[in-house]
Amino acid sequence: MWMDQVARGWLLYELTSSPLQLGLMRGIQALPLLVLSPIAGSAADRHDRKLQIMVSQIVDAILFAIVAFLVITGRIQPWHIYVTAFLDGIVTTFQQPARLAMMAESVPTHHLTNAVGLGSVFFNVSRSTGPALAGLLIAVVGTHGSYIAQSLFQLAGLACALPLPDSLRHASANSKHGERQSFLQSITAGFAYGWSNEAVRAALLITASASLFIIPFTTMLPVIARDVLGVGAPGQGFLLTAMGIGAFCSAVVIASIGDRMPRGILMLVGVTLYGLSVVAFSASPWFPLSVGLMVVVGLFHVSSHALVHTVIQTYTEAEFRGRINALFQLAQVVNTIGATIIGALASILGAPPAIAGMAALGALASVAIAVAVPVARRIR
């Protein structure tokens with residue numbers, strides 16, 4: 001996934017030199033999340049989660065191989081990137097709720113925060129290594145080298161999924177009283193549960209504000225790397241790697257002492273500082289300084305992802321985990337809206353002002369949530 005974020009964005013920017021199209025591509029990729037997330041979450045609570053994960057990895061491996069073939073043969077066109085991004089979005093939509101629900105049911109409840117933190121550690125190890133590897137392969141071999149590697153890594157992931165125990169394939173119950181619900185009833189019940197659970201609702205609101213205003217800045221990294229810092233695809237990879245290093249450090253803390261932290265306060269303060277650190281990054285004209293600031297950005301990024309995820313997993317009953325994880329996944333749709341907005345602003349104002357303005361709004365939104373939604377401050 002992290003290799004694809006570098007390779008796909010760089011490939012499209014090479015073909016079009018359009019910041020707007022970078023934002024539109026992320027929009028196309030997230031469109032399935034908007035339409036299919038409720039269905040995917042309900043499927044994860046009703047059907048075989050392991051099968052969903054395995055099929056998604058096979059399909060992604062095929063999609064990456066197709067892009068590599070098109071690049072090698074010189075036939076790649078922007079519409080190929082859009083179509084494969086859309087199909088990859090469908091795959092991700094069905095994979096994530098199943099995977100996250102399986103992880104939450106793999107450990108006792110009192111270790112859940114630590115388990116989510118450990119999952120975030122691995123997530124950020126890949127965030128640190130994937131972009132750098134993609135940038136290196138693009139520089140040495142070409143974009144097709146990254147996509148060949150991505151396809152092989154998906155097959156390696158499939159091999160890791162095969163030994164998952166059958167006890168994790170299905171949710172522990174289909175409904176609170178054990179009756180079998182229809183698919184539509186299951187989807188409706190998931191939305192109702194997410195709205196009525198105050199802690200879950202507050203956590204989703206926090207991640208939605210970060211996803212709309214702050215996280216989309218990564219969409220503009222090809223522009224920053226090529227046009228502002230002049231470091232190309234390898235430099236873009238190093239910027240994302242630096243962000244991953246910072247996020248990794250935060251994730252280690254969550255995995256180690258996650259159950260003893262005041263998560264609500266940390267989420268709110270962390271997202272505020274996340275926005276401010278992105279503002280500082282947008283103003284940097286010097287690559288080493290930008291790398292250092294991306295480490296700081298990564299430190300606070302975890303507050304809008306891993307901490308929110310631990311709250312959602314902790315405060316959600318087992319039978320609803322697939323559906324609530326699907327709602328959490330919908331934050332990426334908000335991220336896509338933000339990516340489209342920031343792409344449009346960058347085409348008018350330039351990338352640095354667009355990034356700074358959006359991130360500043362994100363920091364202000366976090367402060368507003370802290371004032372307007374008191375329950376967010378009380379989450380433990």
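Averaging the sequence gap over all C-alpha pairs within less than 8 Å and six or more residues apart, then dividing by the number of residues, gives segment 57-202 a relative contact order of 36 percent.
Relative contact order for segment 205-328: 34 percent, from Cα pairs under 8 Å spaced at least 6 residues apart, divided by residue count.
Look at the alpha carbon pairs under 8 Å that are at least 6 residues apart: their mean separation over the length of the chain gives a relative contact order of 30 percent.
About its Cα centre, the dipole of the chain is roughly 400 debye, where the only charges are +1 on Lys and Arg Cβ and -1 on Asp and Glu Cβ. Considering only Leu268, Leu184, Leu240, the mean-square fluctuation computed in a Gaussian network model of the chain, springs between alpha carbons under 10 angstrom, is largest for Leu184. So what does the Cα-only Debye profile of segment 266-380 read at q = 0.21 Å⁻¹, as log10 I(q)/I(0), no solvent term? Taken in order of the listed q values, log10 I(q)/I(0) reads -1.24.
By other beta-carbon atoms within 10 Å, ranking Tyr147, Tyr13, Tyr193 with the fewest at the front produces Tyr193, Tyr13, Tyr147. Footprinting exposure proxy ranking of Val296, Val371, fewest other C-beta atoms within 10 angstrom first, gives Val371, Val296. Were the residues from Ile348 through Val367 laid out at 0.36 nm apart, the gain over their Cα-Cα distance would be 4.0 nm. In whole angstrom, how far apart do the alpha carbon centroids of segment 189-233 and segment 279-357 sit? Cα centroid of segment 189-233 versus Cα centroid of segment 279-357: 3 Å apart.
Translational diffusion coefficient of segment 268-312 at 10 °C, 1.306 mPa s, Stokes-Einstein with Kirkwood Rh over Cα pairs, in µm²/s as a whole number. The diffusion coefficient I find is 147 µm²/s. Full extension of the segment from Leu168 to His47, taken as 0.36 nm per residue of separation minus the current Cα-Cα distance, would add 42.5 nm.
Put +1 on the Cβ of every Lys and Arg and -1 on every Asp and Glu Cβ in the chain; which of Ile369, Ala351, Met220 then has its Cα farthest towards the positive end of the dipole? Highest projection toward the positive end goes to Ile369. Across the options Tyr147, Ala65, Tyr274, the greatest Cα extent toward the positive end of the charge dipole of the chain (unit charges at beta carbon of Lys, Arg, Asp, Glu) belongs to Tyr274. Remark: segment 270-284, residue by residue, has Karplus-estimated 3J(HN,Hα) of x, 5, 4, 5, 4, x, 5, 5, 5, 4, 5, 4, 5, 8, 7 Hz, where x stands for each Gly or Pro and the curve is 6.51 cos²θ - 1.76 cosθ + 1.60 at θ = phi - 60°. In the elastic network of the chain, a GNM with C-alpha springs shorter than 10 Å, the most mobile of Ile254, Ile265, Ile214 is Ile265. Along segment 150-158 the Karplus relation, 6.51 cos²θ - 1.76 cosθ + 1.60 evaluated at θ = phi - 60°, assigns HN-Hα couplings of 4, 4, 5, 5, 5, 5, 5, x, 4 Hz to successive residues, with x for each Gly and Pro.
Largest first, the extents of the alpha carbon coordinates of the chain on the three principal axes equal 59, 47, 34 Å. Between Val253 and Val35, the simple spin-label model (points 7 angstrom out along Cα→Cβ) gives 4.1 nm. Treating r as the C-beta distance of Ile72 and Arg201 and R0 as 41 Å, the FRET efficiency rounds to 0.30. Between segment 114-143 and segment 13-50, how far is it from one alpha carbon centroid to the other, in angstrom? The two parts, judged by their Cα centres, are 20 Å apart.
Neighbours of Ser290 by Cβ distance under 15 Å: Lys/Arg scored +1, Asp/Glu scored -1, total 0.
Where the only charges are on Cβ atoms (+1 Lys, Arg; -1 Asp, Glu), what is the dipole of segment 226-380 about its Cα centre, to the nearest 20 debye? For segment 226-380, the charge dipole is close to 300 debye. Couplings 3J(HN,Hα) of segment 101-112, computed from phi: 5, 5, 5, 5, 8, 8, 10, x, 4, 6, 10, 5 Hz, in residue order, whole Hz [Karplus 6.51 cos²θ - 1.76 cosθ + 1.60, θ = phi - 60°; x for Gly and Pro].
Stretching Leu184 away from Ile62 to a fully extended chain increases their span by 40.8 nm, per 0.36 nm per residue minus the current alpha-carbon distance.
None of the figures in this text is laboratory data; all of them are computed from the coordinates on show. Quantities reported herein were computed from a predicted structural model and do not represent experimental measurements. Because the Cβ atoms are built from the backbone with ideal geometry, glycine has one as well, and the counts that use them run over all protein chains shown.
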